Amino acid sequence: MVDIKSMTLEELTAWLQGQGEPAFRAKQIFQWLYRGVTSFEEMTNLSKALRQRLGETALLAPPAVARRQESRQDGTIKYLWRLADGNCVESVLMRYQHGNTVCISCQVGCRMGCAFCASTIAGKVRDLTPAEMIDQVLFTQIDSGAPISNIVLMGIGEPLDNFDTVLRFLTLVNHPDGLNIGMRHISLSTCGLVDEIDKLAQYGLQLTLSVSLHAPDDETRSRIMPVNRSVGVERLMETCRRYFETTGRRISYEYAMIDGVNDSDWQADLLARRLKGAPAHVNLIPLNEVEESPLKPSRRVAAFQKRLEGHGVTATVRRKLGGDIDASCGQLRRKAMKEET
Ligand code: SAH
């Protein structure tokens with residue numbers, strides 16, 4: 001079966017022309033796909049014969065809602081999707097002043113091993129396809145009725161560890177006949193894969209790169225983020241500076257505040273020093289407690305923020321949405337996995 005929903009309009013056109021279909025058919029089908037049809041039968045402006053042939057040769061496998069949790073506090077909705085092969089991933093719809101934002105997953109599980117993160121506990125099962133990423137946006141929008149204007153790649157998985165798929169996903173959501181979401185409305189979060197950050201810079205995309213830093217010193221960062229053991233903070237920061245020079249886009253740094261691990265004054269001072277030389281924004285995240293991990297949320301978030309600001313670093317504390325629905329990364333999938341075994 002051909003995964004046509006992972007194709008660009010140009011690829012779809014070529015594929016259909018190879019079967020003797022005119023180019024405008026591709027556009028018709030492309031538009032149907034982004035309207036979220038779940039069968040070729042619904043593509044009513046195509047001939048019955050073509051619809052039947054598509055049904056026999058092309059894949060259209062929308063995810064099913066395995067679980068849906070809606071926060072009573074703020075309307076945040078968390079979806080657990082069951083994919084065609086039975087695996088599950090999560091998306092979260094968040095309602096912000098600046099628009100509805102969906103946080104989506106890019107892999108089933110994750111192999112990065114961060115000590116505080118629920119997504120990585122059972123490792124990585126597989127990469128998602130572009131279609132599976134698009135469907136999270138599309139079906140969150142359809143199910144919730146909330147028009148999506150922003151996307152954050154901050155769900156399960158490491159986007160730069162599934163590079164080609166993520167790049168294709170970005171092209172497709174950006175396409176005027178696709179979801180038509182502007183690059184400036186998309187954030188991509190990475191644990192800091194330096195070669196891939198360099199590679200991404202070459203595309204000059206106007207998206208926001210978020211780097212999960214979580215510690216300014218190698219000892220701490222290597223302890224909580226295994227990815228740091230081979231690269232180190234110094235090289236990561238050099239790569240980030242290069243990224244800014246190439247793209248002109250300010251980088252956003254994520255910093256999950258962990259009690260007694262990364263929340264002392266000297267770490268705030270070192271962090272501020274590390275950020276010198278390029279515009280940056282620090283997002284302090286109150287740690288979401290994960291059952292399997294002994295790490296606890298810091299009680300020094302405000303003091304740490306103040307210390308950073310004293311050094312002239314812009315730092316905000318991330319507002320916690322969906323606190324009553326396990327809305328942190330990987331928690332819902334983890335819960336479902338535990339209940340099934
Ligand atoms: N792999 C990517 C994106 C997924 S995680 C990355 O590492 O950036 C999105 C963000 O949530 C990352 O900054 C991640 O470090 C953070 N995160 C993961 N688990 C968390 C937890 N328990 N509490 C707070 N933030 C967490």
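In degrees between 0 and 90, to the nearest 10, how far off the longest principal axis of the chain does helix 233-247 point, with axes built from Cα atoms? Helix 233-247 sits roughly 50 degrees off the main axis of the chain.
Here the calculated FRET efficiency for R229 and V37, from their Cβ-Cβ distance with R0 = 45 Å, stands at 0.45, rounded to the nearest 0.05. The phi-based Karplus calculation (6.51 cos²θ - 1.76 cosθ + 1.60; θ = phi - 60°) puts the 3J(HN,Hα) values of the range 293-302 at 10, x, 5, 10, x, 6, 9, 10, 4, 5 Hz, whole numbers, x for Gly and Pro.
Could you check what % of the DSSP bridge pairs in the chain are antiparallel, to the nearest 5?
45 percent
Rounded to the nearest Hz, the phi-derived 3J(HN,Hα) couplings of the range 157-165 under the Karplus curve 6.51 cos²θ - 1.76 cosθ + 1.60 (θ = phi - 60°) are x, 10, x, 7, 8, 9, 4, 4, 5, where x marks glycine and proline. With the simple spin-label model, which puts each label point 7 Å out from Cα in the Cβ direction, the Q69 to N180 separation comes to 3.5 nm. In loop segments of the range 59-96 as defined by DSSP, the trypsin sites (Lys or Arg not before Pro) with at most 10 further C-beta atoms inside 10 Å of their C-beta are R72. Using the Karplus relation 6.51 cos²θ - 1.76 cosθ + 1.60 with θ = phi - 60°, the per-residue 3J(HN,Hα) values for the range 75-85 come to x, 4, 10, 10, 10, 10, 9, 9, 7, 4, 8 Hz, with x marking Gly and Pro. Within the range 175-280, the trypsin sites (Lys or Arg not before Pro) that combine a DSSP coil assignment with at most 16 other C-beta atoms in a 10 angstrom radius are R250, K276. Please determine, in degrees from 0 to 90 and to the nearest 10, the orientation of helix 331-340 with respect to the longest principal axis defined by the Cα atoms of the chain, where the helix direction is its Cα long axis. The angle comes out near 70 degrees.
Average accessible surface for the chain: 43 Å² per residue, computed with a 1.4 Å probe over protein heavy atoms with every protein chain in place. For the range 64-340, with all protein chains in place and a probe radius of 1.4 Å, 47% of the accessible heavy-atom surface sits on carbon or sulfur. One decimal place: the segment Q17-D3 gains 3.4 nm when fully extended, by the rule 0.36 nm per residue minus the C-alpha distance. Amide H contacts of L287 (H built 1.01 Å from N, in plane; Pro and chain starts excluded): M257, S298 sit under 5 Å, all sequence-distant by 5 or more or on other chains. Label-to-label distance for E219 and L270 is 0.7 nm, based on points extended 7 Å past Cα in the beta-carbon direction. Extension gain, Q202 to K296, is 30.0 nm, computed as 0.36 nm per intervening residue step minus the present C-alpha separation.
The values are calculated or read from the model by the stated rules, or taken from the named source; none is laboratory data. Just so it is clear, the model here is predicted, and its values are computed rather than measured. Glycine gets a Cβ as well: all are built from the backbone with ideal geometry, and neighbour counts include every protein chain shown. The protein model used for the area step is the full one, side chains on, heavy atoms only, and it has no ligands, DNA or RNA in it. Shrake-Rupley method; radii C 1.70, N 1.55, O 1.52, S 1.80 Å.
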